[in-house]
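Below is one structure, written out as structure tokens; comments come after it.
The values are calculated or read from the model by the stated rules, or taken from the named source; none is laboratory data. Since this is a predicted model, take the numbers as computed values, not measurements. Every residue, glycine as well, gets a Cβ built from its backbone with ideal geometry; the counts of neighbours run over all protein chains shown. Just so you know, the surface numbers come from the protein's heavy atoms only, side chains and all, with ligands and any DNA or RNA stripped out. Shrake-Rupley method; radii C 1.70, N 1.55, O 1.52, S 1.80 Å.
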Amino acid sequence: MNDAAFNEMRKEVETCARCPLAANRTRAVFGEGPETTSIVLVGEAPGAKEDESGRPFVGLSGRLLSELLEEAGLPREKLFITNTVKCRPPENRLPSKTESAACRQFLAAQLRHIRPRLVITAGNAPTRAVLGTKEGISTLRGRLRSCVWEEMEFSVLPLFHPSYLLRNRGRAEGSPIALTLADIREALRLAREFTPGF
Ligand code: URA
């Protein structure tokens, strides 16, 4: 996909009506960041602030995620950040199977264009979508896996979802935040290995 086609897809997402989430959204959240990066971070779905602004991870949990990325030496500007579904589910519920299926082609096309070496999945929904597993995030987090998804090959590093971290703010050794910082540092190490100078 060339840059023009990528921008066309952005417009398509912004006006998409493939699933019922379109009816209640203020703005679809396409995602943001460099299209040449070797790391893409995929979250679950936009929340209220994201729906309002059209940007991913800008609410409370997004702010915490951004702080942790910065602290671990991987500022969010270096990643492309998006979600499994591009519109906000009512009451921030998890996206349904139909909604995720309707949006899957957009995530696949984004990854096909960006060609990341590493996909960081934040929370259960993106981790399960990409790895096709039913295992939960507490088992999967921090474990690097190779995967083939939609005929693309990349490594996947699952993280706790930042809204879980918001509810568990302690930083003691072994705490969810301490583990997440270690996971992000590992992502940075891998990115540098894959792309010298990252
Ligand atoms: N949670 C997500 O999973 N994605 C966002 O963009 C915001 C909150």
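Counting only heavy atoms of the protein chains, get the accessible area per residue of segment 76-175 (1.4 Å probe) and round it to a whole Å² value.
On the way: 4970 Å² over 100 residues.
The answer is 50 Å² per residue.
Would you mind working out the magnitude of the charge dipole of segment 67-198 relative to its Cα centre, with +1 at each Lys and Arg C-beta and -1 at each Asp and Glu C-beta, to the nearest 20 Debye? It would help to have the intermediate numbers written out before the result.
Numbers: 21 positive and 14 negative charges, 42 e Å.
With only Lys, Arg, Asp and Glu charged at Cβ, the dipole is about 200 debye.
Translational diffusion coefficient of the chain at 25 °C, 0.890 mPa s, Stokes-Einstein with Kirkwood Rh over Cα pairs, in µm²/s as a whole number. Don't skip to the end; give the middle numbers.
Working: Rh = 16.7 Å.
For the chosen part, D equals 147 µm²/s.
Bin all alpha-carbon pair distances of segment 86-126 at 10 Å intervals from 0 and give each bin's fraction as a whole percent.
Histogram of Cα-Cα distances, whole percents per bin: 24, 52, 22, 1.
For segment 68-157, what log10 I(q)/I(0) values come out of the Debye formula at q = 0.13, 0.19, 0.22, 0.24 1/Å, with one point per alpha carbon and no solvent?
-0.45, -1.00, -1.30, -1.45
Calculate the spin-label point distance for Ser53 paired with Asn92, positioning each point 7 Å from the Cα along the beta-carbon direction, and give it in nanometres.
About 1.5 nm separates the two model spin labels.
Using a Cα-Cα cut-off of under 28 Å, which lysines could be cross-linked to Lys97, ignoring same-chain neighbours fewer than 8 residues away?
Answer for Lys97, where 28 Å is the Cα cut-off: Lys11, Lys49, Lys86, Lys134, listed by chain and number.
What is the extension gain from Phe198 to Thr133, computed as 0.36 nm multiplied by their sequence separation minus the C-alpha to C-alpha distance, in nm to one decimal?
Numbers: separation 65, 0.36 × 65 = 23.40 nm, distance 3.02 nm.
Full extension from Phe198 to Thr133 adds 20.4 nm.
Leu144 label point, 7 Å along Cα→Cβ, cut-off 19 Å on backbone N: hits in segment 76-120?
Under cut-off, by backbone N: 79-80, 115-120.
Return the carbon/sulfur percentage of the accessible area of the chain, one whole number, probe 1.4 Å, all protein chains in place. Numbers along the way, then the final one.
Values: 4650 of 9650 Å².
Carbon with sulfur: 48 percent of the solvent-accessible area.
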